[in-house]
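Accompanying notes for the structure given below.
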Amino acid sequence: MIRSFNQLKATARARGPKNIAIAAANDREVIFAAHDAEAQGFAKCILVGDRPNIERTAGELDIDISHMVVIDEPVPKQAARKVMELVSAGQADMAMKGRVETGDFLRAALDKQFNLRVGRLLTHVAIFEIPGFDRLMFVSDAGVVVAPTMEQKIEIVQNAIDVARALGIEMPRVAVLAATEMVNPKIPNTMDAANLSKMAERGQIVGGVVDGPLALDNAISLEAATIKGITSDVAGNADILIVPDVEAGNVLAKAITYFAHGSMAGIVKGARSPLVVASRADPHETKLVSMALGILLAS
């Protein structure tokens with residue numbers, strides 16, 4: 001089981017290199033991450049974007065990109081379409097977002113022309129390495145599905161389980177978060193959480209143990225769960241946190257990053273190949289680990 005980002009990168013090196021096509025790669029942190037991914041031996045990068053800008057930025061960073069394929073496409077939306085075309089044609093194993101809006105990147109992935117759709121909902125899975133925790137923590141969906149329906153939550157949970165299993169967690173423990181651990185008809189999220197738990201019990205969600213509703217403290221603190229008298233295989237030991245909506249997920253992700261000083265990797269699951277999606281504001285290390293995660297899923 002992979003318990004740290006160093007282990008994640010080491011595993012990516014063992015399974016790589018894979019070809020990663022990067023949309024709108026004219027960005028300092030993206031070029032830095034692409035260079036490191038190649039230097040560490042888990043990726044071969046195809047840079048799609050404004051070629052003069054890419055070359056100038058690489059020069060400023062003193063990074064040699066002469067061995068990389070650089071495709072000139074200065075319009076970010078078109079760069080996103082170009083990387084999906086490369087993946088569709090088998091010239092790249094996965095696509096990565098650079099300086100392009102997430103919506104434009106995912107719309108390109110969903111275009112039937114590129115045949116990347118497999119009938120699954122595209123969902124974002126974030127992975128955090130948090131000081132003081134003995135394992136990686138998964139959070140979903142904090143980036144794609146804004147206000148998920150019950151049907152969409154089923155796919156969010158299943159995609160997160162699939163990602164966790166790819167990192168060697170044989171039976172991931174999934175906590176469906178709400179404001180309280182009590183099922184309350186006046187709080188719809190608690191009803192959804194209870195239904196997701198029952199669906200997992202009956203095999204409609206597979207590969208993990210699902211419980212909810214659980215408040216955040218009950219999900220990650222065995223002491224808090226014990227004090228509240230919660231008996232569960234998940235409470236206090238969750239690997240995966242399922243948030244009620246993208247706003248809650250975004251707040252939780254940023255709180256982990258800025259308050260707990262956690263490090264993050266992000267991926268979008270549900271297409272024929274993984275989609276590496278990191279925020280444009282993320283440092284190169286976040287992008288690098290996200291690429292490593294993509295390697296594992298592509299393998």
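The values are calculated or read from the model by the stated rules, or taken from the named source; none is laboratory data. This is a predicted model, so every value here is computed, not measured. Positions of Cβ are backbone-derived with ideal geometry, glycine not excepted, and every protein chain shown enters the neighbour counts.
Listing for the model above:
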quantity: Residue check for A224: more than 18 Å from V125 (Cα to Cα) and either hydrophobic (A, V, I, L, M, F, W, C) or not assigned by TED's automatic domain parsing to the domain that holds D141 (or both); calculated: yes
quantity: Selection from the range 272-287 of residues that are of a type in the set (A, V, I, L, M) and either in contact with a Phe, Trp or Tyr (Cβ under 8 Å, 6 or more places away or on another chain) or at pLDDT 95 or above (or both); calculated: L275, V276, V277
quantity: Of the criteria (1) at pLDDT 95 or above; (2) surrounded by fewer than 20 Cβ atoms within 10 Å (Cβ to Cβ); (3) under 19 Å from G143 (Cα atoms), which one R120 fails; calculated: (1)
quantity: Output for the range 225-260, where each listed residue is among the small types (G, A, S) and within 14 Å of the chain's Cα centre (by Cα); calculated: G249, A253
quantity: Spans of strands (runs of 3 or more DSSP E) in the range 78-188 with at least 1 residues polar (S, T, N, Q); calculated: 123-129, 137-140
quantity: Per-region count, the range 12-60, residues among the aromatic types (F, W, Y) and buried (at least 22 other Cβ atoms within 10 Å of the Cβ); calculated: 1
quantity: Filter result for F128 (within 29 Å of P188 (Cα to Cα), touching a helix residue (DSSP H, G or I) at 6+ places or on another chain (Cβ under 6 Å) and of a type outside the set (K, R)); calculated: yes
quantity: Number of positions in the range 61-86 that are of a type outside the set (G, A, S) and crowded, with 24+ Cβ neighbours inside 10 Å; calculated: 2
quantity: Matching residues in the range 188-233 - criterion: being more than 13 Å from V174 (Cα to Cα) and without any contact (Cβ under 8 Å) to a residue 12 or more places away in the chain; calculated: P188, M191, R202, G203, D217, A225, T226, I227, G229, T231
